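Throughout, read-outs are computed from the coordinates displayed, never taken from laboratory work. If you're wondering where the values come from, they're calculated on a predicted model, not measured in any experiment. FYI the Cβ positions are ideal-geometry reconstructions off the backbone, even for glycines, and counts take in every protein chain you see.
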């Protein structure tokens, strides 16, 4: 081989060696990046919550001269299905599509806990929160400090409730009956299970959490009726069942005198333990909302023809009622935590009413908020993508 040909061969060999070296270097870099991404994905439960906290802090508007003045409004981003907010003892629990956030009343985020539940639902009582997957099988018990446990049941969850003692009650689908009612204690141990011959539409723990009240549906003569059942977690038989009620029951509440308040779609009633109805209030207009605490209840009715909202205060089982008509839009009604008054949220202000319907206090609010939650001396206003705080005085 001539010197000229030998030189050309050396150049080609050098170039080929350089290309192989460059390709090998790129391959090593690609493998390293792939391993790093895989490691980050496997450890996502550790770093994603911290990243979310940082993002939320940057999205928060701080009002006042110092952090002690509070961090409001709180913005809730990425909640495609909306968010849910509830009082968790003296904290605020906010559930979005992917996270449960815990805020103190100053607006400081105490914790952010990721979940992967589809159609996640939030229920609270006292210092406990239940997060469950409606239509799925998973649920978890939370406190402001930590996740107590997470479990899965064999059938899809229809709805769930939590007690102030940390008990969890689930109503699930069933292959062998209309539905099942399952109860877990605060440690996550199953303590009760009941197969129901009729569908249950709502349930509530009784006053001492030794049992519950559950409402089943039946159809008689083409009319939908509800039956209230009392169950004990220590026996299989019903303690008692009420006569059929001509309403679709929405919620059941314990009352101060040991009885029940039954909130229905067309009427509400006060009921004694044993199932006897003491008094009934039939709605003159469609129901928007209802709430009960202690020995009183409040209803919000809507009349589209007259363009009015009516607030009805029911003062106990005697049947005594106070009716107050508003020509302006009423967005939300709530019983105060001391059960001695009612909060009425309108477009631009909130009114506090005493049991006789007289206004005892008012405060201006923004039209962008549609609901409210009372925590101590604060009122948390909930809007489409934000939560604000206002001082509250009854």
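Please work out the FRET efficiency for the pair residue 145 and residue 199, using the Cβ-Cβ distance as r and a Förster radius of 35 Å; give the result to the nearest 0.05.
0.45
Kindly provide the pair-distance distribution of the stretch 228-371 built from C-alpha pairs, with 10 Å bins from 0 and whole-percent values in order of increasing distance.
11, 40, 31, 13, 4, 0
Does anything in the stretch 189-210 have its amide N under 19 Å from the 7 Å Cα→Cβ label point of residue 176, and if so which residues?
Within reach of a label on residue 176, which here means backbone N under 19 Å from a point 7 Å along Cα→Cβ, the stretch 189-210 contributes 190-200.
At a 10 Å Cβ-Cβ cut-off, how would you order 270, 240, fewest neighbours first?
Listing 270, 240 from fewest to most nearby Cβ atoms yields 240, 270.
What whole-number distance in Å separates the alpha-carbon centres of the stretch 254-268 and the stretch 322-339?
Their Cα centres are 18 Å away from one another.
Cα convex hull of the stretch 212-310: how many Å³ per residue? Write down the numbers at each step before the final one.
Values: hull volume 10.1 nm³, N = 99.
Spelled out: Cα convex hull of the stretch 212-310, divided by residues, is 102 Å³.
Over the stretch 283-394, what is the relative contact order in percent, taking alpha-carbon pairs closer than 8 angstrom and at least six residues apart?
16 percent
Which percent of Cα-Cα pairs in the stretch 189-246 sits in each 5 Å bin, short to long?
4, 17, 28, 26, 13, 7, 4, 1, 0
Considering the alpha-carbon set of the stretch 95-218 alone, what are its Rg and its Dmax in angstrom?
14.7, 49
How do 238, 304, 199 rank when sorted from fewest to most other Cβ atoms within 10 Å of their own Cβ?
Lowest to highest Cβ neighbour count: 304, 238, 199.
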